Amino acid sequence: KTTFITRGAEIGASRGMLLVNSAGNSGSRSWKYIGAPADAPSVITVGAVNASGEIAAFSSFGPTSDGRIKPDITGNGTGLISPTSSSTDTYGNYTGTSMAAPNVAGSIVLLQQYYSELNNGAFMKSATLKGLVCHTADDDFVKIGPDPVYGWGLLNTKVAAETLLDANNGSAAIYESTLFFGDTFTTTFEADNSKPI
């Protein structure tokens, strides 16, 4: 399953559209089982965790065939209540990465909306949104840092939204720019022991 998230007037333009793709449900088969289109570098590939935050047994994991970390992020994908197609007022209990991906997609649409509210109607570029989601995720601490089972960790929409607010009031930084081949970008910042960088 793939969910398309677009922004503003750039609907259809590659830099304005972020694809959220389920990792697949082949977790028990083997490593490196994330294939197309979930293995694309510019999409957010979503694995599934259960209610306790552990990777679901069915969730596919990577890395990709060329060694990149996939999935990028994980989301709740077990025991979710969702509408069914049998009528307009029936619901069912579903499990799968095809439930985790829309869960993550809905959350990041809200992050995009919040960013727009803080920035006079502007929207983040898709790469910025992907970076925000990955770098504010909760690490599983089984393997420190990104790994091919949990990716960067479990989506933490609250921390991502707080980061957007902090950037808006000057206590965090989110940069969007173009870096051409051979160019260098340098920045300085102050850090203390109260928050991670």
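The values are calculated or read from the model by the stated rules, or taken from the named source; none is laboratory data. This structure is a prediction, so every number in the text was calculated from the model and none was measured. Cβ sites come from the backbone with ideal geometry, for glycine too, and all protein chains shown count toward neighbours. Heavy atoms of the whole protein, side chains included, go into the accessibility calculation; ligands, DNA and RNA do not. Shrake-Rupley method; radii C 1.70, N 1.55, O 1.52, S 1.80 Å.
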Of the criteria (1) closer than 26 Å to residue 116 by Cα; (2) in a loop (DSSP other than H, G, I, E, B); (3) not basic (Lys, Arg), which one residue 186 fails
(1)
Quick check on my filter: what residues within the stretch 131-143 are touching a residue at least 12 places away in the same chain (Cβ under 8 Å) and under 17 Å from residue 172 (Cβ atoms)?
132, 133, 134, 135, 136, 137
If you scan the stretch 176-195, which residues turn out to be exposed (fewer than 10 other Cβ atoms within 10 Å of the Cβ) and closer than 19 Å to residue 129 by Cα?
177, 178, 179
Here the residues within the stretch 144-166 that are part of a helix (DSSP H, G or I) and in contact (Cβ under 8 Å) with a residue 40 or more places away in the chain are 157, 160, 161, 164, 165
Please count how many residues of the stretch 145-154 are open to solvent by 30 Å² or more (accessible area, probe 1.4 Å) and touching a strand residue (DSSP E or B) at 6+ places or on another chain (Cβ under 8 Å).
2
Subset tally (residues that are in contact with an Asp or Glu (Cβ under 8 Å, 6 or more places away or on another chain) and either at pLDDT 90 or above or among the aromatic types (Phe, Trp, Tyr) (or both)) for the stretch 137-154:
7
